[in-house]
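Below is one structure, written out as structure tokens; comments come after it.
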Amino acid sequence: MYGDVVLSPRLYMVAGMVKLGRVAADIGTDHGYLPVYLIQSYTSYYAYACDINPNPLEKAKKTIAEYDMGKKIEIVLCDGLSGLDPKKVDEIIIAGMGGETIIKILSECPWKEDQKKHYILQPMTKAAELRRYLYENGFVLEREEAVEDAGHVYTVMSVYYKGRKFVPDDLFQELGLHLVHPQESAAYIRQRAEAIRKRAEGISKIDPEAGKALYELHRKILESLEYDENM
């Protein structure tokens, strides 16, 4: 048995959003370090390590055995949330995947609208599309934080289903709750601004109107930082 498991900054931020004293499910668990950490830190009293592929689950099984967590972490081979009993899980972690994959997992879950479920989502790409999907389908962001890891800045979302559906504007789709504390999320906001600028530059050559809209969004993103700095 090894000592305490050490997480990357990204996964540490994810773990920090898990509510205390509840059962967690890590979807796409890979090596299983996150559920081990949740048990070791007394954040969760039981956890599920889930993956669609057998190979990552073999790695997770080895990790769980090395940390002597076999009685508190259950291995589940499943596609998304399909292999989980909704009565037995409270905290649902979907981290380290593209936003489109997270959308697919949520879309295919028949019990996603249970308001007692807490989702911790960490998209590697397409965060704007994920935010739009969430609000169009009745979910809300309770909290959102930025974290830098290996030279890239990621967003981590704490999400609940509330049933109120609407389409957020372009700026909120891009930045979400980072708009509430722009200085704390300055690195993330600047990263998004640069990505939008590059998209605008590329698309302007074939669609000037679309490029113009993206440049306007780029201006608004930078303005959100400047407004906070001048307060």
Return the pairs, sorted by first residue and then second, in which the second residue is not in a loop (DSSP other than H, G, I, E, B), the first residue lies in segment 63-85 and is charged (D, E, K, R), the beta carbons are less than 6 Å apart, and the residues are 6+ apart or on different chains. Lys72/Ile39; Lys72/Tyr46; Glu74/Tyr48
Does Ala187 qualify as being farther than 24 Å from Ala25 by Cα, of a type in the set (A, V, I, L, M, F, W, C), surrounded by fewer than 16 Cβ atoms within 10 Å (Cβ to Cβ) and assigned by TED's automatic domain parsing to the domain that holds Ala95? no
Does Leu106 fit the bill of being without any contact (Cβ under 8 Å) to a residue 40 or more places away in the chain, crowded, with 20+ Cβ neighbours inside 10 Å and touching a Phe, Trp or Tyr at 6+ places or on another chain (Cβ under 8 Å)? yes
Which of the following residues is over 25 Å from Glu145 (Cβ atoms), β-branched (Val, Ile, Thr) and touching a Gly at 6+ places or on another chain (Cβ under 8 Å): Ile94, Ile105, Ile27, Ile64? Ile64
Residue under question is Ile75, and the condition is that it be more than 18 Å from the chain's Cα centre (by Cα), under 24 Å from Cys109 (Cβ atoms), surrounded by 16 or more Cβ atoms within 10 Å (Cβ to Cβ) and among the hydrophobic types (A, V, I, L, M, F, W, C); does it hold? yes
Number of the exception - Asp4 against (1) modelled with pLDDT under 95; (2) surrounded by 15 or more Cβ atoms within 10 Å (Cβ to Cβ): (2)
Just checking, does segment 141-161 include any residue being part of a loop (DSSP other than H, G, I, E, B) and either touching a residue at least 24 places away in the same chain (Cβ under 8 Å) or not basic (Lys, Arg) (or both)? yes
From the list Leu130, Leu171, which one is of a type in the set (A, V, I, L, M, F, W, C) and either assigned to a strand (DSSP E or B) or within 22 Å of Met97 (Cβ to Cβ) (or both)? Leu130
Could you run through segment 109-145 and say how many residues are acidic (Asp, Glu), within 23 Å of Val180 (Cβ to Cβ) and either surrounded by fewer than 21 Cβ atoms within 10 Å (Cβ to Cβ) or in the same structural domain as Leu179 (by TED's automatic domain parsing) (or both)? 4
Would a scan of segment 171-186 turn up a residue that is within 21 Å of Leu7 (Cβ to Cβ) and touching a Ser or Thr at 6+ places or on another chain (Cβ under 9 Å)? yes
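The values are calculated or read from the model by the stated rules, or taken from the named source; none is laboratory data. Everything numeric in this text was worked out from a predicted model, so none of it was measured. As a convention, Cβ positions derive from the backbone with ideal geometry for all residues, glycine included, and neighbour counts pool all protein chains shown.
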